[in-house]
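**Student:** Quick one: the structure is below, and I'll ask about it shortly.
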Amino acid sequence: MDRTAIFLIALTAGGFCFSVSAAQKPDNLARRATPSAMSASTASDGKYGVLRLLDGEDATHWASGSAYELPHWVKLEWKESVAIDTVVVDIFARQGANLYAFWREAEVELSDGSKTTVKFGPGESGWAAFRFDEPVTTTSVTLRVLAVYERKTYLGINEIGVFLDPRRLIGPPREMVRAKRREELTVRGSPSHPVVYATAEDLARARRNAETTVWGKAEKASILAAAAKWLEHDENYWLQFLPESGACYAYGFTGCPICGSPCGTWGGARCTWDRPRTVVCAKGHSLPDEGHPDDGTGYVAQDKRIHYIIGTWNAWVTEQWTRNALPSLAHAYALTGDEKYAERAALFIDALASIYPESTSGSWDYPSRPPSGRFARPWYQVARNLVVYVDAYDLIYNSKALDKPSLRPRLHDTLPDGPSAQQRSVGTSDAKGQSWADMTRRENVDINMMQDAAYYCYKHTFSGKLHNGHADYMRGALAVGVLLGIPEYVYNAVESPFSIYAMVLNNCDRDGRYYETALGYAMHARELYLTFVEPLEHWRCEKYPEGVNLLDDARMRSFYCLPDLVMNVAGHVPNFGDCGPDNHCRFAQLTPFSSRDYDYAERLHAACSGEEKETYRNLFSFLSRLFRRICGRILAVVGCQGCDIVRFRRLFEFENHRIFW
């Protein structure tokens, strides 16, 4: 028979919450039970075993096997009957949404066969309580997951609780902030461009340096040379390489099906424009060939491994346009104002935006099921390319080339009526962007690339994690928020429980060291956090009329004070965490120097005032003297008191996505 239950859902996991003191809390009867499960990723006492259902630890959880079938159950059994009226489950899904499925429907069954079935709304896989009107005697509780919204690699549960709670003292954990729906966001626009990583003042300085300094002239020549090759050929030549919507993209992990040698990855794949839809392995095998065909969804070898040959080519195309064509053309336009560079950059970014919202799987061979991302970039790496798009688009935003008709309407008419290749092959749900007859390039890029990618990143910033992947998601949404004037993305970056300030406070200790042990990750985190500085500094609104100076935060400043040199011990750095082995013979330098520390000291000096500015002036002066001893030339000159340091750096620093300032 069915029993009536009251079903409560909270938005995030958080254990079991009580409205009374610890002494009055109902006893968790689940702790006396023996747990079992239809499957588990590890042994019962392993990291994801069934004992994790009852261990009371927020940091652990049960995970099903990756080949789980629905319905899928976990069960608690008692040697003697117990009286209960409440079953609580703390679902693990939102915390690992890339790997864990969101529940659609579940049921609880007792030993007498009685059941209670509940349904979950989209995104509601958090905390749930099944309450019975009267106490029930049972020797077992079986929780079955009947359906999910989208199959992922695992089903997960943080904790199960079983209580006799007639006073209804058990309640959901405090609701955490969650992402707004896309239609709730406001796109106000920006009064001027560029505005994200550079301003008009920065461009004027860059142009001046490019004309009046030796190093500036050399840098400009290098940028124009890189842009020149993308001006070759007409538009149709380049558009012939554009992948179709929903096409395959891949890392190419499996390599050559003939000899097993690598074919390269993404922008480094062994491809050339004169051999379209072809990849050459390190030993010279050209693929696909007659014996190894690929219709676009991969070649399945006899060992059942899939070789994504066309997927490797598609990834190479989009990465070449993203990482090479767009930055060089946009930087050339910023330095010269010559519309030929903006015209070609607009062609590339419009073409990419025309297939962007439908290309939602990321690399098909990335280890998540189903995969997710944009083009070849999976999950948080979507932001890695998004900030490149933002930088280039911001620099050409004022060009009339963006007001020309978009390619999008033509391509939209060719979209398949049924599932695309990605949905059929790897299970990533199809998505559809927007299109209309007279859509311009600017409208296409704004909506189908910038807003689409930003919302993808934004919704992933509510997982409760503060690692480097979270920083990527946050900076991607922030960049578009400043570019297009979307306040929610900016406020989320500085005010939410998962903000850049929360990252700094949790991840940076009192000595300015990163909590993650491997120094490579620590340095990477510093580079990520720096990409928040310029967008926040340039943002203007009623709440922040002067923007946000992230380097006003003392802990943030400490994060960038000599991070390299203080870890250098006799030519080596501490080798711990998941660092590779240090088997090099090195000796302490008589005059140690770090170009990274030099760059950070310059940034700290520029951002500070008063006594802090003098402190970092002295630090910068110290590093400058070290550099002069090593290089025999002056790269920075400290002026008299009150004068800024003359900064010698490249015009454009692509890796950090900022322009000379």
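The values are calculated or read from the model by the stated rules, or taken from the named source; none is laboratory data. Computed from a predicted structure; not experimentally measured. Backbone-built Cβ (ideal geometry, glycine too); neighbour counts: all protein chains shown.
**Student:** Test Tyr237 against the criterion of being closer than 30 Å to His292 by Cα and surrounded by fewer than 22 Cβ atoms within 10 Å (Cβ to Cβ), and give yes or no.
**Tutor:** Spelling it out, Tyr237 is indeed closer than 30 Å to His292 by Cα and surrounded by fewer than 22 Cβ atoms within 10 Å (Cβ to Cβ).
**Student:** Of the conditions (1) on the phi > 0 side of the Ramachandran plot; (2) more than 19 Å from the chain's Cα centre (by Cα); (3) modelled with pLDDT of 95 or more, Pro409 clears all except one; give me its number.
**Tutor:** Going through (1) on the phi > 0 side of the Ramachandran plot; (2) more than 19 Å from the chain's Cα centre (by Cα); (3) modelled with pLDDT of 95 or more one by one, Pro409 breaks only (1).
**Student:** Within the range 95-112, how many residues turn out to be surrounded by fewer than 21 Cβ atoms within 10 Å (Cβ to Cβ) and either assigned by TED's automatic domain parsing to the domain that holds Pro367 or in contact (Cβ under 8 Å) with a residue 40 or more places away in the chain (or both)?
**Tutor:** Adding up the residues that qualify gives 8.
**Student:** Any idea which residue in the range 423-458 is nearest to His307 (Cα to Cα), counting only those that are over 24 Å from the mean Cα position of the chain (by Cα) and of a type in the set (Asp, Glu)?
**Tutor:** Taking the candidates together, the pick is Glu443.
**Student:** Within the range 66-103, count every residue that is part of a strand (DSSP E or B), of a type outside the set (A, V, I, L, M, F, W, C) and over 19 Å from Pro172 (Cα atoms).
**Tutor:** The total comes to 7.
**Student:** Which ranges mark the helices (runs of 4 or more DSSP H) fully within the range 520-630 that have 3 or more residues being exposed (fewer than 13 other Cβ atoms within 10 Å of the Cβ) and of a type outside the set (Val, Ile, Thr)?
**Tutor:** none
Condition check ((1) at pLDDT 95 or above; (2) small (Gly, Ala, Ser)) across all residues:
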residue	(1), (2)
Ser64	yes, yes
Ala67	no, yes
Leu70	yes, no
Lys75	yes, no
Trp78	yes, no
Ser81	yes, yes
Asp85	no, no
Asp90	no, no
Gly96	no, yes
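**Student:** Sticking with this one: With the requirement that a residue be in contact with a Leu (Cβ under 8 Å, 6 or more places away or on another chain), among the charged types (D, E, K, R) and not assigned by TED's automatic domain parsing to the domain that holds Gln434, what does the range 189-228 give you?
**Tutor:** Selection gives Arg207 alone.
**Student:** Let me ask something else. Give all pairs with beta carbons closer than 6 Å in which a residue from the range 560-577 that is on the phi > 0 side of the Ramachandran plot meets a residue that is small (Gly, Ala, Ser); count only pairs at least 6 apart in sequence or on separate chains.
**Tutor:** Ala570/Ala588; Gly571/Ala588; Gly577/Ala518
**Student:** Go through (1) under 30 Å from Ala453 (Cβ atoms); (2) buried (at least 17 other Cβ atoms within 10 Å of the Cβ); (3) modelled with pLDDT of 90 or more one by one and return the number of the condition Arg151 breaks.
**Tutor:** (2)
**Student:** A further question follows. Those residues that are within 31 Å of the chain's Cα centre (by Cα) and of a type in the set (Val, Ile, Thr), I need them from the range 256-288; list them, please.
**Tutor:** Correct list: Thr265, Thr272, Thr278, Val279, Val280.
**Student:** Just checking, how many residues over the range 469-497 are at pLDDT below 95 and surrounded by 19 or more Cβ atoms within 10 Å (Cβ to Cβ)?
**Tutor:** Residues that pass the stated criteria total 0.
**Student:** Answer yes if at least one residue in the range 325-347 is of a type outside the set (Val, Ile, Thr), within 20 Å of the chain's Cα centre (by Cα) and closer than 21 Å to Tyr380 by Cβ, and no otherwise.
**Tutor:** Scanning the range 325-347, I find no residue that is of a type outside the set (Val, Ile, Thr), within 20 Å of the chain's Cα centre (by Cα) and closer than 21 Å to Tyr380 by Cβ, so the answer is no.
**Student:** Take the conditions within 21 Å of the chain's Cα centre (by Cα), within 30 Å of Asn575 (Cβ to Cβ) and among the polar types (S, T, N, Q) and apply them to Thr461. Does it pass?
**Tutor:** Taking the combined requirement at face value, the residue does not satisfy it.
**Student:** Just one of Trp127, Trp78 is buried (at least 18 other Cβ atoms within 10 Å of the Cβ) and farther than 26 Å from Leu466 by Cα; which is it?
**Tutor:** Criteria check complete, one pass: Trp78.
**Student:** Check the range 518-541 and report whether any residue there is among the hydroxyl-bearing types (Ser, Thr, Tyr) and within 21 Å of Arg178 (Cβ to Cβ).
**Tutor:** No - not one qualifying residue is present in the range 518-541.
**Student:** Could you figure out which of (1) of a type outside the set (Gly, Ala, Ser); (2) surrounded by fewer than 16 Cβ atoms within 10 Å (Cβ to Cβ); (3) touching a Gly at 6+ places or on another chain (Cβ under 8 Å) isn't true of Asp511?
**Tutor:** Unmet for Asp511, out of (1) of a type outside the set (Gly, Ala, Ser); (2) surrounded by fewer than 16 Cβ atoms within 10 Å (Cβ to Cβ); (3) touching a Gly at 6+ places or on another chain (Cβ under 8 Å): (3).
**Student:** Which one of Glu201, Glu244, Glu219 is farther than 30 Å from Ser429 by Cβ, among the charged types (D, E, K, R) and in contact with a helix residue (DSSP H, G or I) (Cβ under 9 Å, 6 or more places away or on another chain)?
**Tutor:** Being farther than 30 Å from Ser429 by Cβ, among the charged types (D, E, K, R) and in contact with a helix residue (DSSP H, G or I) (Cβ under 9 Å, 6 or more places away or on another chain) holds for just one of Glu201, Glu244, Glu219, which is Glu219.
**Student:** May I pose another question? Restricting to the range 610-633, what's the tally of residues that are at pLDDT below 55 and under 39 Å from the mean Cα position of the chain (by Cα)?
**Tutor:** Qualifying residue count, the range 610-633: 0.
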